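Worksheet for the structure shown next.
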Amino acid sequence: MIDLRSDTVTRPTPAMREVMAAAEVGDDVYGEDPTVRRLEERAADLLGTEAALFVPSGTMGNQTAIACHTRPGQEVIVEEGSHIYNVELATMARFSGVQPRVLPGERGVFTARQVAAAIRPDIYYLAPTGLVCLENTHNAAGGRIWPLAAAREVLDLAHGRGIPVHLDGARILNASVATGIPARELTLGFDSVMFCLSKGLGCPVGSLLCGSREFIAAARRTRKALGGGMRQAGILAAAGLYALDHHVDRLAQDHVHARLLADGLASLPALSVWPPDTNIVIFEIARGPDAEALCQRLRDRGVLASPAGAGTSARQVRMVTHLGISAADVQRTVDLVGRELGTARA
Ligand SMILES: *Cc1c(COP(=O)(O)O)cnc(C)c1O
């Protein structure tokens, strides 16, 4: 199977499994797992923050951040297509007692002006704005990179009003590799950043939440409250350390493959393709089968893809490149889609 559904489907490589098996471990709830500690230090160093916390999932990282930055009864500004708003259940309401204030972005990106208009004035019957969240790269917008200047404008605006800003940076390293801008520059000024090890970096489990020492101390308590206190987690952290050493630069390859895929698909007359910034390709089928039907037909022929996420058109398909996808897989996929749409090429 050529599995293009997500970059979460990657399996640990033999070399990664070897370092996992050999990892030095201890009970991390006692603060005694040396490998977890090394990973947390490494992540903090990578993003230029004082501290970091290893969490089981990106969702827990985001929701821990929301819980730590807000008080019940506040609003959190999020983008319409964001992961936090769409596919983390309603956990900000459940666990933090806050409600989302949703801004429509232009392919995932909103402006400081929109944020300014959404921040509630200080009137006693209005819910105060407690947090602003950005997502870089933006998953549902096709791995879109937030332009750095636009992000800085939002940061300045929010901070000027005394409001913290969290970055859902599940794929921030894709943005860094694609732009050549160090991750710590892309995340400069954010009050917290989450990034995933379990996506393109190829780890089986885990994400990191980065921020100030004080913030991470609070986040550690919240992680435990959410059920995320782990014991000999060094086995997982070892995979993370390995990935940060060996799987970051190679993300460039995934981006090349995504562009190959997008170019190939764009040459088929029935498709319109969003030019990919990173490793996610979204295309719309102008005529012929809808997304569900096309994905079913591809599946029967050995290619897995998904209709694009929640709230999008039934004619959009998403394909994600990752370390399990080769250039030959991309070519085979393009040929197959062409055949299924009745536009086989020579
Ligand atoms: C995958 C993802 C998450 C959540 O990560 P999980 O580990 O699946 O909980 C958060 N934000 C974005 C943008 C993601 O793509």
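The values are calculated or read from the model by the stated rules, or taken from the named source; none is laboratory data. Just so you know, these numbers come straight off a predicted model, no measurement behind them. All Cβ positions, glycine included, derive from the backbone under ideal geometry; neighbour counts span all protein chains shown.
A compact table of results
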read-out: Criterion (closer than 23 Å to Ile119 by Cβ and either away from the ligand (no atom under 15 Å from the Cβ) or in contact with a Leu (Cβ under 7 Å, 6 or more places away or on another chain) (or both)) met by exactly one of Leu47, Leu103, Leu53, Leu39; value: Leu103
read-out: Selected residue (criterion: nearest to Phe283 (Cα to Cα)) from residues of region 88-113 that are in contact with a Gly (Cβ under 8 Å, 6 or more places away or on another chain) and surrounded by fewer than 20 Cβ atoms within 10 Å (Cβ to Cβ); value: Arg107
read-out: Pick from region 299-338, criterion charged (D, E, K, R) and modelled with pLDDT of 95 or more, ranking: surrounded by the fewest Cβ atoms within 10 Å (Cβ to Cβ); value: Asp300
read-out: Residues being surrounded by fewer than 24 Cβ atoms within 10 Å (Cβ to Cβ), of a type in the set (A, V, I, L, M) and touching a residue at least 60 places away in the same chain (Cβ under 8 Å) - total across region 176-197; value: 4
read-out: Yes/no for Gly264 being more than 23 Å from the chain's Cα centre (by Cα), among the small types (Gly, Ala, Ser) and buried (at least 17 other Cβ atoms within 10 Å of the Cβ); value: yes
read-out: Which numbered condition Ala252 fails, given (1) closer than 30 Å to Leu131 by Cα; (2) more than 16 Å from the ligand (Cβ to nearest atom); value: (1)
read-out: Test: residue in region 213-229 that is closer than 17 Å to Ala44 by Cα, in contact with a Cys (Cβ under 8 Å, 6 or more places away or on another chain), of a type outside the set (Gly, Ala, Ser) and in the same structural domain as Gly130 (by TED's automatic domain parsing); value: yes
read-out: Lone qualifier among Tyr30, Tyr85 - being at pLDDT 95 or above, of a type in the set (Phe, Trp, Tyr), surrounded by fewer than 16 Cβ atoms within 10 Å (Cβ to Cβ) and over 17 Å from Leu201 (Cα atoms); value: Tyr30
read-out: Selection from region 213-227 of residues that are of a type in the set (D, E, K, R) and within 14 Å of Val29 (Cβ to Cβ); value: Arg220, Arg221, Arg223, Lys224
read-out: Any hit, region 115-132, residues being within 16 Å of the ligand (Cβ to nearest atom) and surrounded by 22 or more Cβ atoms within 10 Å (Cβ to Cβ); value: yes
read-out: Qualifying residue in region 37-48 (condition: of a type in the set (D, E, K, R) and not in a helix (DSSP H, G or I)); value: no
read-out: Failed criterion for Val248 (all others in (1) crowded, with 22+ Cβ neighbours inside 10 Å; (2) in contact (Cβ under 8 Å) with a residue 24 or more places away in the chain hold); value: (1)
read-out: Residue match in region 225-244 (condition: within 30 Å of Ala291 (Cβ to Cβ) and among the basic types (Lys, Arg)); value: no
read-out: Total residues in region 1-29, condition away from the ligand (no atom under 16 Å from the Cβ), outside any loop (DSSP other than H, G, I, E, B) and of a type outside the set (Asp, Glu); value: 9
read-out: Check on Val165, in contact (Cβ under 8 Å) with a residue 12 or more places away in the chain and within 16 Å of the ligand (Cβ to nearest atom); value: yes
